[in-house]
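The block underneath contains the structure these notes are about, expressed in structure tokens.
The values are calculated or read from the model by the stated rules, or taken from the named source; none is laboratory data. Quantities reported herein were computed from a predicted structural model and do not represent experimental measurements. Because the Cβ atoms are built from the backbone with ideal geometry, glycine has one as well, and the counts that use them run over all protein chains shown. Just so you know, the surface numbers come from the protein's heavy atoms only, side chains and all, with ligands and any DNA or RNA stripped out. Shrake-Rupley method; radii C 1.70, N 1.55, O 1.52, S 1.80 Å.
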Amino acid sequence: VQIDLGGIAAGYMVDRAYDRLIQTGLNRCLVNLGGDIRCGDPPPDREGWRVEIAPLKKDGPGLRRILLKQAAITTSGDLW
């Protein structure tokens, strides 16, 4: 059995960085730490932050685009 806390640590750091930005009044922000993303209010004149999930095959078209606002998402994969 092996336990890897890297994902938990990255998520924790993203949350702390986001909290710090919000505390300083930067509500329009996006923090990205290697696929761990948290965002606040969207950029001006935008519905949300556009995030694209990488394709399943190298050089393939984007798998999915999503709009985020006041949300968090984490991705993981082995595509190199």
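Would you mind calculating the gained length between residue 72 and residue 1 on full extension (0.36 nm times residue separation, minus the Cα-Cα distance), in nm to one decimal?
Working: separation 71, 0.36 × 71 = 25.56 nm, distance 2.90 nm.
Here the answer is 22.7 nm.
Please get the size of the charge dipole for the chain, origin at its Cα centre, with Cβ charges of +1 on Lys and Arg and -1 on Asp and Glu, quoted in debye to the nearest 20. Numbers along the way, then the final one.
On the way: 11 positive and 10 negative charges, 37 e Å.
Value, rounded to 20: 180 debye.
Positive end of the dipole of the chain, charges at C-beta (+1 Lys, Arg; -1 Asp, Glu), about the Cα centre: which of 53, 1, 76 has its Cα farthest in that direction?
Looking along the dipole axis, the top candidate is 53.
Which label marks the calculated value of Kirkwood radius over Cα pairs in Å, given the options (1) 13.9; (2) 13.2; (3) 14.6?
(1)
Can you give the local net charge around residue 52? Use residues other than it whose beta-carbon is closer than 12 angstrom to its beta-carbon, Lys and Arg +1, Asp and Glu -1. Mind showing how you got there, number by number?
Details: positive: 50, 64, 65; negative: none.
My count for the surroundings of residue 52 gives +3.
Ignoring ligands, DNA and RNA, what percent of the 1.4 Å accessible area of the chain is carbon and sulfur? Please list the in-between numbers first.
Details: 3380 of 6450 Å².
Of the solvent-accessible surface of the chain, carbon and sulfur hold 52 percent.
Show me the trypsin sites (Lys or Arg not before Pro) within segment 1-69 that DSSP assigns to loop and that have at most 16 other Cβ atoms within 10 Å of their Cβ. Mind dumping the intermediate values first?
Values: sites: 16, 20, 28, 38, 46, 50, 57, 58, 64, 65, 69; in loops: 28, 46, 57, 58, 69.
Here the sparse-neighbourhood loop sites are 28, 46, 57, 58, 69.
Using label points projected 7 Å from each Cα along Cα→Cβ, tell me how many nm separate residue 16 and residue 54, to one decimal.
For the pair residue 16/residue 54, the computed spacing is 2.6 nm.
Using a simple spin-label model with points 7 Å from Cα along the Cα→Cβ vector, what separation in nm is obtained for residue 33 and residue 46?
The modelled label-to-label distance comes out at 2.1 nm.
Accessible area per residue for the chain in Å², computed with a 1.4 Å probe and the full protein assembly in place, what is it? Working shown, then result.
Numbers: 6450 Å² over 80 residues.
Per residue, the chain has 81 Å² of solvent-accessible surface.
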